[in-house]
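See below for the structure under consideration.
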Amino acid sequence: MMELQLTPEQQQIVESAETFLAKASAMTQVRAHTQSKAHMDNALWSAMADLGWCGVHLPESVGGLDLDWVSVCLLQEQMGRRLACVPFFDTAVLSATALKSLLPHPLAEHWLTQIATEKAVASMALSWQTGTARIHSTGWHLDGTWPSVGSAQMAQVIVLPAQTPTGETLLFALDTHSPGLQITSLETLDTTRCLAQVQANGVNVSENQCLARGQAAEALLTRIKYLAAIGLAAEQVGVAQACLDMALAYVLERQQFGRPIASFQAIKHRCAQMLVEVESARSAVYGAACLADTQDDATGLLVSAAQARVTATEAAQFCARENLQLHGGVGFTWEYDPHFYLRRAQASSQRLGPVSEWLESVAALYDTAE
C-alpha cells in the first residue's frame, strides 16, 4: 500500500514555504509585479535560491539538496497558491530535471551547478519536430522555431530538441546569447508568467553542446514531460486551494438578509464541492509524485501523470470559476483577486497539452493493450 502521509521533513517544507510565500509573494507583490512589466520578481527569485529551492531535488555534487519529487511538488503547490512570479517551474521542475537525467555530462553538470548555486534561470522546449539540425565539420547548424517556451526571455540557458534531416532526435543546451538565436516575448493571458517564441537561424552548435541523441533523447523528452505534468498539476492544486480559501473568506464576510451568505445551503454546497475537487486532485498528485521517484516504466508513469494532470486541471478551473461566481459582480473587477487565479488556471490548462490530449494518450494505451 502506498503511504501518502507526509513525513515530518516534508511537513516542515510545507510549513516553511507557506510562511515564506505568504509574506514574500502576497497579492500586493503579485499586483505590483504584473504592473511593472518585469519578467520576474527578482527579489523573490533570489530569496528562493538562497533557501535552496532551485536545487531541491538536485544532487549534492552540484549544490542541491538531493530531496525527492514529492518535495518538489510540495513547493510547487505553494507556488500556485501564491501565484509566485518566478520561473521555478521552467527552471527547477522542467529544465533542471532534464539536465539531472543527463549527468554525468559535463555541460549538464555545469548548468545544474549554476541553477542550484548561482541563481541561473533555465528554459526548455519539449517539441523536437519544430527544429532542424544539419551536421557540419565542428558540430551542427540549428534552424527552427519553438513557438511557446516558458521563461525563455529571462533564461541563461535553454534546452532545445531538434531533428536531423534523417529523423534522428538531438537535444542541445544553448547559451541564450548564442549568435543567431532570437527570443521574442509573447503577450500572455496569465500576466504572472512569461512565454516566448524561440527562433534559431543557422545557430552553430558544437559537439559538446549535444546532450543526447536518438531513442535516448526521445525517451528522455517523454519522461520529462510526464514528470513536468505532475509538477504542474501540483501547482494547479495550489491554485484550487487558494480559490477555495478566498471564496470561504468572502462568503463568511458577505452579509445578505442580515446574515453571512455562508449560512445559505446553496453556498455551502458549492463550497463543499470545491473542497471535494481540491482533495481529489491533491490525492492524485501526491500519488503520482510518490511514483515519480520509483516508476521506471513509461506506461505506468503516463497513467499516473495523466490522472494528476486531468484532475488538477479540472479542479483549478472549477474552483477558479466558483470563486469568481461566489464573489458576485465584484469578482470580475480589477480591485479583487479572483481573476488572477482564473487566468492562471486557464493558461496552465494548455501547457504541456490540454486535458483532451492526456485522455487520448491513455485511451490509446488501453486500445493498444486490447
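Here are some notes:
- Given (1) part of a helix (DSSP H, G or I); (2) touching a residue at least 24 places away in the same chain (Cβ under 8 Å); (3) within 26 Å of Leu186 (Cβ to Cβ), number of the condition Thr113 does not satisfy: (3)
- Residue that is in a helix (DSSP H, G or I), in contact with a Gly (Cβ under 8 Å, 6 or more places away or on another chain) and among the aliphatic types (A, V, I, L, M), where the choices are Ala43, Ala22, Ala49, Ala92: Ala92
- Failed item in (1) without any contact (Cβ under 8 Å) to a residue 24 or more places away in the chain; (2) open to solvent by less than 40 Å² (accessible area, probe 1.4 Å), with Lys37 passing the rest: (2)
- For beta carbons closer than 8 Å, sequence separation of 6+ or different chains, a first residue in region 68-84 that is on the phi > 0 side of the Ramachandran plot and a second that is of a type outside the set (Val, Ile, Thr) and in a helix (DSSP H, G or I), the qualifying pairs are Leu83/Met27; Leu83/Ala242; Leu83/Phe340; Leu83/Tyr341; Leu83/Arg344.
- Selection status of Leu74, modelled with pLDDT of 95 or more, out of contact with any Phe, Trp or Tyr (no Cβ under 7 Å at 6 or more places or on another chain) and over 20 Å from Arg343 (Cβ atoms): yes
Yes or no, residue by residue, for (1) open to solvent by less than 10 Å² (accessible area, probe 1.4 Å); (2) among the basic types (Lys, Arg); (3) in a loop (DSSP other than H, G, I, E, B); (4) more than 22 Å from Ser101 (Cβ to Cβ):
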position	(1), (2), (3), (4)
Arg270	no, yes, no, yes
Ala284	no, no, no, yes
Ala305	yes, no, no, no
Ala312	yes, no, no, yes
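- Positions within region 46-65 being within 29 Å of Glu187 (Cα to Cα), under 15 Å from the mean Cα position of the chain (by Cα) and open to solvent by less than 10 Å² (accessible area, probe 1.4 Å), in sequence order: Cys54
- Conditions (1) assigned to a helix (DSSP H, G or I); (2) free of Cβ contacts under 8 Å to residues at least 60 places away in the same chain; number of the one not met by Asp296: (1)
- Candidates in region 193-220 are the residues that are touching a helix residue (DSSP H, G or I) at 6+ places or on another chain (Cβ under 8 Å) and over 30 Å from Gln35 (Cα atoms); of these, the one that is most open to solvent (accessible area, probe 1.4 Å) is Asn208.
- Residue, nearest to the chain's Cα centre (by Cα), within region 133-192, restricted to residues that are crowded, with 24+ Cβ neighbours inside 10 Å and assigned to a loop (DSSP other than H, G, I, E, B): Ser151
- Flag if Leu275 is aliphatic (A, V, I, L, M), farther than 26 Å from Leu221 by Cβ and open to solvent by less than 30 Å² (accessible area, probe 1.4 Å): no
- If the condition is being polar (S, T, N, Q), open to solvent by 40 Å² or more (accessible area, probe 1.4 Å) and either under 10 Å from Val86 (Cβ atoms) or assigned to a helix (DSSP H, G or I) (or both), then region 1-19 contributes Gln11, Gln12, Ser16, Thr19.
- Residue within region 228-249 that is outside any helix (DSSP H, G or I) and more than 22 Å from Gln346 (Cα to Cα) present: no
- Restricting attention to region 286-303 and to residues that are open to solvent by 50 Å² or more (accessible area, probe 1.4 Å) and of a type outside the set (A, V, I, L, M, F, W, C), the residue that is modelled with the highest pLDDT turns out to be Thr299.
- Filtered residues of region 329-361 (kept if open to solvent by 30 Å² or more (accessible area, probe 1.4 Å), over 19 Å from the mean Cα position of the chain (by Cα) and of a type outside the set (D, E, K, R)): Gly329, Val330, Phe332, Thr333, Trp334, Tyr336, Leu359, Ser361
- Considering residues of region 66-119 that are of a type in the set (Asp, Glu) and open to solvent by 10 Å² or more (accessible area, probe 1.4 Å) only, the residue nearest to Arg31 (Cα to Cα): Glu77
The values are calculated or read from the model by the stated rules, or taken from the named source; none is laboratory data. Predicted model, so just to flag it, every value in this text is computed and none were measured. Methodologically, a virtual Cβ is constructed for each residue, glycine included, from the backbone with ideal geometry; neighbour enumeration extends over all protein chains shown. Quick note on the areas: whole protein, heavy atoms, side chains included, nothing else; ligands and nucleic acids left out. Shrake-Rupley method; radii C 1.70, N 1.55, O 1.52, S 1.80 Å.
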